[in-house]
């Protein structure tokens, strides 16, 4: 069967090329058309992108069901935190210029809904104005006289004088629930808590807030953080990073192949196989209705290097065999006779390894494993068909100096790589016991290291230390009690009393 397939590839290389190109184009259109024009292709699946780490869990997962139920029951919203820091004594953030900017930023945040954040179809999407926690939106509670309490805005308007600014500070410091939350205990920082109708809007809201902050000239430091903005920013930047990393990986593979084989015409085929494998895999993922999650965006990075492995084996063996017959068809047939079975087994074991991820209870990981396994087998199929066919497209004149000849063998025997490999082989033979002992020691150290692994799922730690979100989180945690909201839900152990009985008990 294999030999018949090889004979067809060698005799009909154009048919193989057309088959690969046609099938790839068909799958690409199947995924692209409903993405670009969903109304024209309502029965096909377009690309759906999901950057929410929460969706790493199944919607039926107990912790998600409980979390969403409590958010709905208590009308809880995800918070974006804006910190204002001024370390210039004596008044720090409580000076007229800073408080004027804070007041203006709060008023601006109230307008970030609907079209202002790119959601013209949903005018209520965005900031929940009534629930903003800021100096101009919280109550100051004081004793108003004998038997009375006075409620007023903490900062109904920006203070015009330093004395009025200090009065705002003194009022805030007298309220325990504001001290350390809205105002830092040292008076150097203020925090604005901006609730959102949907945490997926945090990136757009944060971007608009940064635009407004850029217009301020008071010299204060502004930091934007919070769990939703960390998660949403990570999702957005992850996809941008993949858009950079995938072409970069392809470029590195191209340069390495060019360095090894020094024949541009020969190394184009493995790169085509890698690109086709990535396109086919991602097109199948989209066309079958799966969502492109953060994990899924990494599929091309995994497939690309795997896709060229078998091709490298074929080209290496072809290099050794070509000068024996100086016939492309004969040489490639010998190569495939030798390598077909090992390439099949290595591809199957790789695919099965990734396919085992389908057994995990995490949906994006399941999709990741299944489609990488598909991509590996797609790469294997086109490698054993298109690579032999591509060899037949190469002009024999360009292969005149290609391959291992006696002269090349003599030259290669004195090359740095050959001498290094020879030394490694001799050292392995002479010091086998020492190498085994070293491997055992490394295994023991690895087991010890595994037991010291600490799991940290804080999304802020996903960013490098110099990232603005990481810096903001550190600065605001130094001044406040934290930037993430944590809720504790309590329920009675027994049946709660009826309202009349409860009133009597109280």
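Structural remarks
- Members of the range 446-488 found to be assigned to a loop (DSSP other than H, G, I, E, B) and surrounded by 10 or more Cβ atoms within 10 Å (Cβ to Cβ), listed by number: 458, 463, 467, 480, 481, 482, 483, 484, 485
- Condition met for residue 91 (exposed (fewer than 12 other Cβ atoms within 10 Å of the Cβ) and either in contact with a helix residue (DSSP H, G or I) (Cβ under 9 Å, 6 or more places away or on another chain) or touching a residue at least 60 places away in the same chain (Cβ under 8 Å) (or both)): no
- Within the range 48-55, not a single residue is surrounded by fewer than 16 Cβ atoms within 10 Å (Cβ to Cβ), in a helix (DSSP H, G or I) and modelled with pLDDT of 90 or more.
- Taking the range 156-182 as the range and being touching a helix residue (DSSP H, G or I) at 6+ places or on another chain (Cβ under 7 Å), closer than 17 Å to residue 83 by Cα and assigned to a loop (DSSP other than H, G, I, E, B) as the test, the residues that pass are 178, 182.
- Flag for residue 151 being under 15 Å from residue 103 (Cα atoms) and either in a strand (DSSP E or B) or under 34 Å from the mean Cα position of the chain (by Cα) (or both): no
Residues checked against (1) under 30 Å from residue 167 (Cα atoms); (2) assigned by TED's automatic domain parsing to the domain that holds residue 225; (3) outside any loop (DSSP other than H, G, I, E, B):
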| residue | (1), (2), (3) |
| --- | --- |
| 31 | no, no, yes |
| 46 | no, no, no |
| 83 | yes, yes, yes |
| 87 | yes, yes, no |
| 94 | yes, yes, no |
| 98 | yes, yes, yes |
| 108 | yes, yes, yes |
| 119 | no, yes, no |
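- Among the criteria (1) buried (at least 16 other Cβ atoms within 10 Å of the Cβ); (2) modelled with pLDDT under 90; (3) touching a helix residue (DSSP H, G or I) at 6+ places or on another chain (Cβ under 8 Å), the one residue 237 does not fulfil is (3).
Residue by residue, here is whether (1) touching a residue at least 60 places away in the same chain (Cβ under 8 Å); (2) more than 27 Å from residue 79 (Cβ to Cβ); (3) buried (at least 23 other Cβ atoms within 10 Å of the Cβ) holds:
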site	(1), (2), (3)
216	yes, no, no
232	yes, no, yes
243	no, yes, no
294	yes, no, no
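- Search result, residues across the range 211-221 that are part of a helix (DSSP H, G or I) and either out of contact with any strand residue (DSSP E or B) (no Cβ under 7 Å at 6 or more places or on another chain) or under 14 Å from residue 129 (Cβ atoms) (or both): 211, 212
- Those residues of the range 358-369 which are in contact with a helix residue (DSSP H, G or I) (Cβ under 9 Å, 6 or more places away or on another chain), touching a residue at least 12 places away in the same chain (Cβ under 8 Å) and surrounded by fewer than 19 Cβ atoms within 10 Å (Cβ to Cβ), in sequence order: 358, 362, 363, 365
- Residue within the range 274-297 that is part of a helix (DSSP H, G or I) and at pLDDT below 90 present: yes
- Any hit, the range 353-362, residues being touching a strand residue (DSSP E or B) at 6+ places or on another chain (Cβ under 9 Å), under 30 Å from residue 29 (Cα atoms) and not in a helix (DSSP H, G or I): no
- Residue 289 vs. criteria surrounded by 19 or more Cβ atoms within 10 Å (Cβ to Cβ), under 25 Å from the mean Cα position of the chain (by Cα) and touching a residue at least 24 places away in the same chain (Cβ under 8 Å): no
- Selection status of residue 300, surrounded by fewer than 16 Cβ atoms within 10 Å (Cβ to Cβ) and in contact with a helix residue (DSSP H, G or I) (Cβ under 9 Å, 6 or more places away or on another chain): no
A quick yes/no check of all residues on (1) in contact with a helix residue (DSSP H, G or I) (Cβ under 8 Å, 6 or more places away or on another chain); (2) under 30 Å from residue 60 (Cβ atoms); (3) at pLDDT below 85:
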| residue | (1), (2), (3) |
| --- | --- |
| 371 | yes, yes, no |
| 387 | yes, no, no |
| 398 | yes, no, yes |
| 402 | yes, no, yes |
| 427 | no, no, no |
| 431 | no, no, no |
| 447 | no, no, no |
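- Filter pass, residue 338 being within 30 Å of residue 236 (Cβ to Cβ) and surrounded by fewer than 18 Cβ atoms within 10 Å (Cβ to Cβ): no
- Residue match in the range 112-129 (condition: more than 33 Å from the chain's Cα centre (by Cα) and without any contact (Cβ under 8 Å) to a residue 24 or more places away in the chain): no
- Any chance residue 133 is touching a strand residue (DSSP E or B) at 6+ places or on another chain (Cβ under 8 Å), surrounded by fewer than 21 Cβ atoms within 10 Å (Cβ to Cβ), closer than 29 Å to residue 219 by Cβ and touching a residue at least 40 places away in the same chain (Cβ under 8 Å): yes
The values are calculated or read from the model by the stated rules, or taken from the named source; none is laboratory data. Everything numeric in this text was worked out from a predicted model, so none of it was measured. Here Cβ is always computed from backbone atoms with ideal geometry, including for glycine, and neighbour counts include all displayed protein chains.
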